[in-house]
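Here's the structure, in structure tokens; my notes come after.
The values are calculated or read from the model by the stated rules, or taken from the named source; none is laboratory data. Quantities reported herein were computed from a predicted structural model and do not represent experimental measurements. All Cβ positions, glycine included, derive from the backbone under ideal geometry; neighbour counts span all protein chains shown. These accessible areas exclude ligands, DNA and RNA; they are computed on the full protein's heavy atoms, side chains included. Shrake-Rupley method; radii C 1.70, N 1.55, O 1.52, S 1.80 Å.
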Amino acid sequence: KPFDKERAKRVKRSLESNRIGISEVGYFDNMLHHDAATRKKKLDFMLRTFDAAALLGVDAICGFVGRNQQHTMDENLKDFEAWFVPLLKEAKQRGLTYRVEQCPMPGWTTGDNWHNNIAYTPGAWIRLHRICEKHGVGDQFRIHYDPSHAILMGQDTRSIFQYLKDHGYGFLIGGFHVKGQV
């Protein structure tokens with residue numbers, strides 16, 4: 001059964017009675033999948049996630065961008081503009097911010113690449129944000145930073161912030177995912 005106003009009320013009551021909140025609603029999948037029918041299913045489910053967040057009064061969504069395995073990185077930037085930007089326009093209509101977790105998703109599928117989510121480095125975040133700005137959805141695109149993914153990729157977890165600041169994009173980090181890791 002789809003998440004509706006009545007179910008949202010029940011969840012809100014439970015959250016309130018337990019004195020907890022929701023910072024964002026997450027759905028983690030490949031929004032740039034090469035197969036059009038598969039991609040449509042994933043995008044449609046993400047829209048349902050948007051609706052659930054709006055019903056709950058949550059202002060952020062967390063997920064991946066993904067990657068079209070059959071395209072180069074430059075072609076994936078075009079795919080992002082064609083398929084992900086309309087998703088961000090839907091987020092904007094609902095008053096939501098989309099926070100992209102930067103996990104590269106190695107081993108996501110058989111025969112995949114190491115980097116299955118094109119939004120895995122600060123340089124890529126800036127490039128994607130510029131595409132978003134061009135279409136009026138720059139405020140909807142943010143990064144949900146998880147230091148464990150930076151460690152996985154051998155990135156310096158601190159210099160990433162300086163790089164963003166130095167390039168005028170210090171605002172891009174909109175959320176953190178912190179685990180009990182060293």
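What to note about this one:
- Just one of the listed residues (Leu96, Leu77) is open to solvent by less than 50 Å² (accessible area, probe 1.4 Å), more than 13 Å from the chain's Cα centre (by Cα) and not aromatic (Phe, Trp, Tyr), namely Leu77.
- Cβ-Cβ contacts under 8 Å between residues 6 or more apart (or on different chains), taken from a first residue in region 154-176 that is closer than 23 Å to Cys62 by Cβ to a second residue that is in a loop (DSSP other than H, G, I, E, B) and open to solvent by less than 70 Å² (accessible area, probe 1.4 Å), are listed as Gln155/Thr121; Gly175/Glu24; Phe176/Asp146.
- Test for Gln162: is it part of a loop (DSSP other than H, G, I, E, B), at pLDDT below 95, open to solvent by 40 Å² or more (accessible area, probe 1.4 Å) and at negative phi: no
- Scanning region 165-182 for residues that are part of a loop (DSSP other than H, G, I, E, B) and basic (Lys, Arg) yields a single hit, Lys179.
- Only one of the numbered conditions (1) polar (S, T, N, Q); (2) in contact (Cβ under 8 Å) with a residue 60 or more places away in the chain; (3) surrounded by fewer than 18 Cβ atoms within 10 Å (Cβ to Cβ) is not met by Ser14, and that is (2).
- Criterion (in contact with a helix residue (DSSP H, G or I) (Cβ under 9 Å, 6 or more places away or on another chain), buried (at least 16 other Cβ atoms within 10 Å of the Cβ), at negative phi and assigned to a helix (DSSP H, G or I)) met by exactly one of Leu47, Leu55: Leu55
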